1. Let me know the longest stretch in the chain that avoids all trypsin sites (Lys or Arg not before Pro) found in a DSSP loop with at most 16 other C-beta atoms within 10 Å.
2. How many lysine pairs in the chain, separated by 8 or more positions in sequence or lying on different chains, have Cα atoms less than 26 Å apart?
3. Along Cα→Cβ, 7 Å out, is where each label goes; now give me the distance between the ones at A131 and R111 in nm to one decimal.
4. Normalising by the residue count of the chain, find the relative contact order in percent from Cα pairs under 8 Å and 6+ residues apart.
5. Could you state the accessible area per residue of the chain in Å², with a 1.4 Å probe and every protein chain left in place?
6. Quick check: at a probe of 1.4 Å, how many percent of the accessible area of the chain sits on carbon and sulfur atoms?
7. Could you size up the charge dipole of segment 130-264 around its Cα centre, putting +1 on the beta carbon of Lys and Arg and -1 on that of Asp and Glu, and report it in debye to the nearest 20?
8. So for the chain, taking the charge dipole from beta-carbon charges (+1 Lys/Arg, -1 Asp/Glu), which of Q252, G171, L9 sits furthest toward the positive end?
Amino acid sequence: MDKVVRKALELLEGARHVAVLTGAGMSAESGVPTFRDAQTGLWAKFDPQQLATAEAFAESPSRVFGWYVSRLQTVRRATPHAGYDALVRMAALYPDGFDIITQNVDGLHSRAGSENVVELHGSLEAFRCSACREVFSTDRVIELGEGDGEVSAPACGKCGNFIRPGVVWFGEMLPREVLERATQVAYEADVVLVIGTSSLVYPAAGLPDIVSARGGRVIEINPKATPLTPRVDLYWEAAAGEALPQLVDALQRTEGGKTEGRND
Ligand code: APR
């Protein structure tokens, strides 16, 4: 067994509550571009960090709306990779608590079959009025355009203001109940796996520190080191789709061994 897998098993040994914090890198192998990697196609000339703001939407609603339609279509075409399936298998090994906190808005964890997913930054599938918050049908958004350029933001049927994506933009507050749930998960976790996030954006980036401050363990899976890396118990330099199946296969073998022992 790989040294890094062995070390991860050691850190997970005896854990009852496991938390997983994911970022855009979790979906990279499913073909969903990350935020800080270069964008492709028509959107390559825009910085996602500038498109994902209320200021950008105020300045050019059709550009920002078009970008979200394009992302929605990318995500709908994407399929969760083997790392997602591994997290579904892993949950079954931790009946006392296995929670996923994701910064992603792509819904891939739930589509893969994971339960207990906290979507910190909202969802690409949820559109609403920017003023009165009236819900707007995502199917109608899809009908509005091909998503390969600007798409006029529709008007709210109730108050006439622009419809916007139901995501948390830079500079916006996270919904209180969502942040409370994520914080509670961090307080309960014996181990947190931090996967595919640049660990630059707070409050998400602060959650692993809550776990370690209470004596919990932090395992980071990312092909590139991040500002969190110097503080983790194990840095696994790998892609999510490679590392997670290896980890969960090894965990299942260990669990299988225990089960056989108990049944003897
Ligand atoms: N497996 C694991 N990690 C990967 C992979 C992969 N296959 N590919 C890339 N990564 C890592 C990168 O090394 C990087 O550290 O994923 C991270 C992606 O970073 P970001 O694009 O910054 O995404 P994230 O950290 O999720 O961004 C946080 O910022 O833009 C806002 O609200 C947006 O939710 C987003 C938040």
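The values are calculated or read from the model by the stated rules, or taken from the named source; none is laboratory data. Since this is a predicted model, take the numbers as computed values, not measurements. Heads up, the Cβs are rebuilt from the backbone with ideal geometry, glycines too, and the neighbour counts pull from every protein chain shown. Surface areas here come from the heavy atoms of the whole protein model, side chains and all, with no ligands, DNA or RNA. Shrake-Rupley method; radii C 1.70, N 1.55, O 1.52, S 1.80 Å.
1. Details: sites that count: R16, R36, R133, K158, R214, K224.
The segment 37-132 is the longest one with no such site.
2. The number of close lysine pairs in the chain is 5.
3. 3.4
4. 25
5. With the other protein chains kept in place, the chain gives 48 Å² per residue.
6. Result for the chain: 49 percent of the exposed heavy-atom area is carbon or sulfur.
7. Values: 13 positive and 20 negative charges, 91 e Å.
It works out to roughly 440 debye.
8. In the chain, that residue is G171.
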